[in-house]
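The values are calculated or read from the model by the stated rules, or taken from the named source; none is laboratory data. These figures come from a predicted structure and were not determined experimentally. Glycine also receives a Cβ, built like all others from the backbone with ideal geometry; neighbour counts cover every protein chain displayed. Accessible surface areas use protein heavy atoms only, side chains included; no ligands, DNA or RNA. Shrake-Rupley method; radii C 1.70, N 1.55, O 1.52, S 1.80 Å.
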Amino acid sequence: MLNVRPLIPRPFLALLGALSLLTATAVAQTPPHVRDYSPTDATSEILSKYKLELDAKNYDSAIAILDGQLAKVGADSYDAALLYQIKTQTLLQKGDFSKVIDPLEKGLTLSDSKTPTYYEERATRDLLFFLAQLYLQEAVQTKVPGQAPIFFEKADRTMQRWLKLVPRSNADAQLIYSQLLYTRATQNSDQPDLALIKRALEQVEIGLKLSTHPKDTFYVLKMVCLQLLNRNYEAVELLELMVKQKPDSATYWQQLAALYLGQGNDLRAILSIERAQANGLMSTPKDNFNLIGIYFNMSQYEKAAELLEAGLQKGTIERDVKNWELLALTYQQLERPYKSIDTLKNAAKVFPNSGQLEFMIAQAYHSMEKPAEALPHLQAAIAKGNLQKPHAVYLFLAYISYELKKYDIALEAARKAAEFPEGAKDAQNMIKGIEDIVKDREAKKNKM
């Protein structure tokens, strides 16, 4: 599955604009026959002193004034509810977001305990929405073991309550709630909570219906939820829609190709990459090599060879030795041995110190039953060095030389192979056989 993780919005960035609303609703504005709450004279006098400190941005002094009055008023009084709400606002203005939760919780709890509530309904809704985001932020950021699940649970419950209070949700709120549920569900990435993923997907669907032009994050969230629920064909359909709406997004094209590959639909993956390239995307050397690799895995060797050769010539894929070797292998698969050898020889010009390439050329000639052509490349391989398995090259040189009746070369190569533990056993057998032949040859010369 693609590792796409939505970003969680920081509530203080999303809601600093709500500060004026908090101020406006600090005193209940519902008609008196429904709510008839007002602060005491003592609290009103204290608030005048508070305002002077606040205007001077002496936030600590302002908060100290509020805390001093909170210690004097009744625990369940309207004054306490009002002071908690003003303290919430002050901490926000100060930027001390980690301390906002406590007065916000206490104020809402106190308000809810009264009939009618101390806070008017609109203020309650706004404060709940803000509190849910603060819980979410704490859940994501806390380093205290066991605290994240508690904050996620609180955020979830608070959002559920908010949804029951609002006449109609909105796309931004649905996005936040969807992210909350998804992030909570994937705390254990190895075992995501699929029930929560389903709930996140439901909230995404609601948000999409509330949006004339949905944010990209909605689609990304929906896609990853569908993948986690193994609804991959729906995820592909969604990504196809996403690339149509935003054809300039390299990320979407990459994800689409990856999804098709994950489904074993190589042809669709190829088409996705080529469609992306038609839009000027996915044209890096890595992307080009991946496309070649898919063609190769589909046994489409002709197309793979065409793209590889062009890529090596133009530099649109990495000009490393492995890619040259892959091109040679591709021509072997196409039963074009001379083209494969020519490719390896061209590679040897690019990498003049690679004995391994010379060894591969020798192997190619030997497969064509051309030992005489293989011999000089084996000798070049040993001269250049940089071999993956030197003992194998010496053994092969011994074998080819023996086949060509070049026994002196064969004997020397076999003795070199015997110096390596991996080749000692085979080399000793060859040495004995070659030495016997050499002895017979010398014996015959002496009789003449």
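List of remarks:
- Per residue, the accessible area of region 127-228 comes to 46 Å², computed with a 1.4 Å probe over protein heavy atoms only.
- Region 126-183 and region 413-444 have Cα centres lying 79 Å from one another.
- 29 Å Cα-Cα reach of residue 99 towards lysines, excluding residues that sit fewer than 8 places from it in its own chain: 49, 51, 57, 72, 87, 114, 143, 154, 164
- Placing unit charges on each Cβ (+1 for Lys and Arg, -1 for Asp and Glu) gives the chain a dipole about its Cα centre, and among 40, 295, 196 the Cα reaching farthest toward its positive end belongs to 295.
- Candidates 226, 239, 52, ranked by Gaussian network fluctuation over the chain, Cα under 10 Å, top entry: 52
- Alpha-carbon Debye profile of region 263-416, log10 I(q)/I(0) at 0.09, 0.10, 0.12, 0.18 Å⁻¹: -0.36, -0.44, -0.59, -1.00
- Partner lysines for residue 286 [C-alpha distance under 22 Å; skip if fewer than 8 residues away on the same chain]: 303, 314, 322
- Looking at region 302-380, the accessible area is 50 square angstrom per residue; that uses a 1.4 Å probe and ignores ligands, DNA and RNA.
- Dipole magnitude of the chain about its Cα centre (Cβ charges: Lys, Arg +1; Asp, Glu -1), debye to nearest 20: 780 debye
- Axis of helix 337-350 versus longest Cα principal axis of the chain: the two differ by about 70°, to the nearest ten degrees.
- Beyond 26 Å, the tail of the calculated P(r) for region 126-281 holds 35 percent of the Cα pairs.
- Listed residues 89, 379, 388, most fluctuating in the chain (Gaussian network, C-alpha, under 10 Å): 388
- Accessible surface of the chain, 1.4 Å probe, proportion on carbon and sulfur as whole %: 51 percent
- For region 317-371, dividing the convex hull volume of the Cα atoms by the residue count gives 68 Å³ per residue.
- Along its principal axes, region 56-209 has C-alpha extents of 50, 36, 28 angstrom, given from the largest down.
- Measuring nothing but how far apart in sequence close Cα pairs (under 8 Å, 6+ apart) lie, relative to its length, region 53-114 scores a relative contact order of 30 percent.
- By the compact-protein rule of thumb, 2.2 N^0.38 Å, the alpha-carbon radius of gyration of region 344-388 corresponds to a ratio of 1.02.
- Over the chain, relative contact order from alpha-carbon pairs under 8 Å, at least 6 apart, %: 7 percent
- Region 230-270 shape via C-alpha gyration tensor axes, a/c threshold 1.5: oblate
- Using the Cβ-Cβ distance between residue 59 and residue 389 with R0 set to 51 Å, the FRET efficiency from 1/(1 + (r/R0)^6) comes to roughly 0.10.
- Area projected by the alpha carbon convex hull of region 221-348, averaged over all directions, nm²: 8.0 nm²
- Summing charges over all other residues whose Cβ lies under 13 Å from the Cβ of residue 84, with Lys and Arg as +1 and Asp and Glu as -1, gives -3.
- Stokes-Einstein diffusion coefficient of the chain, Kirkwood radius over Cα pairs, 25 °C, 0.890 mPa s, in µm²/s: 85 µm²/s
- Under 14 Å, Cβ to Cβ, from residue 305 - net charge with Lys/Arg +1 and Asp/Glu -1: -3
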